[in-house]
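Peer 1: Next up is a structure, given as structure tokens.
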Amino acid sequence: MTSAFQWRPATLSDTAHIARLSKEHLGVYAEGEEIFAERIRLAPEGCFVLANGVAIAGYFCSHPWVRMKPPALHQMLSQIPDSADCWYVHDVAVDPIARGGGVVADACERALEVARAKGFRVAMLVAVSGAGSYWQRLGFKDATTEALRLKLKDYGDDAVYMERALSDD
Ligand SMILES: CC(C)(COP(=O)(O)OP(=O)(O)OC[C@H]1O[C@@H](n2cnc3c(N)ncnc32)[C@H](O)[C@@H]1OP(=O)(O)O)[C@@H](O)C(=O)NCCC(=O)NCCS
């Protein structure tokens, strides 16, 4: 990683950069600026950008949600439900120039520490385009059910629903 880039909390003024990175690195699974703006509004403590001054080379977006019920792509959430029982890693992308050295693992640990502090005991995500093996290295395990496989069709046939325990008990 280029050490000049550091994670900092995302703000609404970052959403154009985030949408640009999403488009460049997630292709057909990219989401629009309004989706990221809503996530930052709902859970600013779970959203970060990898910044060097005004340059933004990555984002990590996460928020509370409901276990086994990942939102559909492009779905606005309106609010975090009272029944939220899980920390959802919604999306991450980093420009090649800033990848490596565990840069995303750092952001993930920072977000999951927030989740733990709020009392969440499980984190979840949807891995796309074969990224499951990447997330496995960060402690997530495949927990896809047949019902979820159908629900995740928008994320591609190889989408995997994954969970990670946030506490030992
Ligand atoms: C996924 C991503 C954020 C990881 O960035 P990073 O933490 O800096 O990790 P690196 O790129 O240095 O990769 C670390 C290791 O994971 C592997 N890896 C990276 N992306 C992977 C992927 N999509 N699937 C499988 N393995 C992957 C790398 O090959 C590397 O392996 P190595 O240690 O054996 O060389 C970055 O590759 C990215 O932005 N990809 C495009 C967007 C994306 O796929 N987001 C996740 C969607 S679920």
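The values are calculated or read from the model by the stated rules, or taken from the named source; none is laboratory data. The structure presented is a predicted model; accordingly, all values stated were derived computationally and were not measured. FYI the Cβ positions are ideal-geometry reconstructions off the backbone, even for glycines, and counts take in every protein chain you see. Just so you know, the surface numbers come from the protein's heavy atoms only, side chains and all, with ligands and any DNA or RNA stripped out. Shrake-Rupley method; radii C 1.70, N 1.55, O 1.52, S 1.80 Å.
Peer 1: Using a probe of 1.4 angstrom, how much of the accessible area of the chain is carbon and sulfur, in percent?
Peer 2: On the way: 4350 of 8220 Å².
The computed percentage sits at 53.
Peer 1: Suppose accessible area is computed on protein heavy atoms with a 1.4 Å probe; arrange LEU125, LEU138 from highest to lowest.
Peer 2: LEU138, LEU125
Peer 1: If you don't mind, another one. Can you classify segment 1-156 as rounded, prolate or oblate using the Cα gyration tensor, where a ≥ b ≥ c are the square roots of its eigenvalues, rounded means a/c under 1.5, and otherwise it's prolate if a/b beats b/c and oblate if not?
Peer 2: Cα axes put segment 1-156 in the rounded bin.
Peer 1: Next up: Please work out whether segment 33-81 counts as rounded, prolate or oblate from its C-alpha gyration tensor, where a ≥ b ≥ c are the square roots of the eigenvalues and a/c under 1.5 means rounded, while otherwise a/b larger than b/c means prolate and anything else oblate?
Peer 2: prolate
Peer 1: Lysine pairs, Cα distance under 25 Å, 8 or more residues apart or cross-chain: how many in the chain?
Peer 2: So the count works out to 10.
Peer 1: Expressed in nm to one decimal, what extension gain is obtained for the pair TYR134 and ASP168 from 0.36 nm per residue of sequence separation less their Cα-Cα distance?
Peer 2: Extending this stretch completely gives an extra 10.0 nm.
Peer 1: Decide, for segment 87-169, between rounded, prolate and oblate: order the square roots of the alpha carbon gyration tensor eigenvalues as a ≥ b ≥ c, take rounded if a/c falls under 1.5, and otherwise choose prolate if a/b is larger than b/c, else oblate.
Peer 2: It comes out oblate by the Cα gyration axes.
Peer 1: Just to confirm a number: summing +1 for Lys and Arg and -1 for Asp and Glu over residues other than ILE35 whose beta-carbon lies under 14 angstrom from that of ILE35, what do you get?
Peer 2: -3
Peer 1: How much accessible area per residue does the chain have, in Å², with a 1.4 Å probe?
Peer 2: On a per-residue basis, 49 Å².
Peer 1: Also, quick follow-up: What distance in nm lies between label points placed 7 Å from Cα along the C-beta direction at GLN79 and ALA16?
Peer 2: According to this spin-label approximation, the distance is 3.2 nm.
Peer 1: Using the Cα centre of segment 6-165 as the reference point, and only Cβ charges (+1 on K/R, -1 on D/E), how large is the resulting charge dipole? Debye, rounded to the nearest 20.
Peer 2: 320
Peer 1: Probe radius 1.4 Å, ligands and nucleic acids left out: which of THR11, THR144 has the largest accessible area, and how do the rest follow?
Peer 2: My answer, sorted largest first, is THR11, THR144.
Peer 1: While we're looking at this one, here's another question. Need one value: the accessible area of ILE80 in square angstrom, 1.4 angstrom probe, rounded to the nearest 10.
Peer 2: 40
Peer 1: Once the dipole of the chain is set up with Lys and Arg at +1 and Asp and Glu at -1 on Cβ about the Cα centre, which of ALA93, THR145, TRP135 lies farthest towards its positive end?
Peer 2: Selected residue: TRP135.
Peer 1: Let me ask another. Any idea what angle helix 33-42 forms with the longest principal axis of the chain, computed on alpha-carbon atoms, 0 to 90 degrees, nearest 10?
Peer 2: 70
Peer 1: Also: As a test of reading the structure, rank LEU21, LEU73 by solvent-accessible area (1.4 Å probe, protein chains only), most first.
Peer 2: Largest to smallest exposure gives the sequence LEU73, LEU21.
Peer 1: Determine the sum of side-chain charges near ALA55: Lys and Arg each +1, Asp and Glu each -1, restricted to other residues whose C-beta is under 13 angstrom from that of ALA55.
Peer 2: 0
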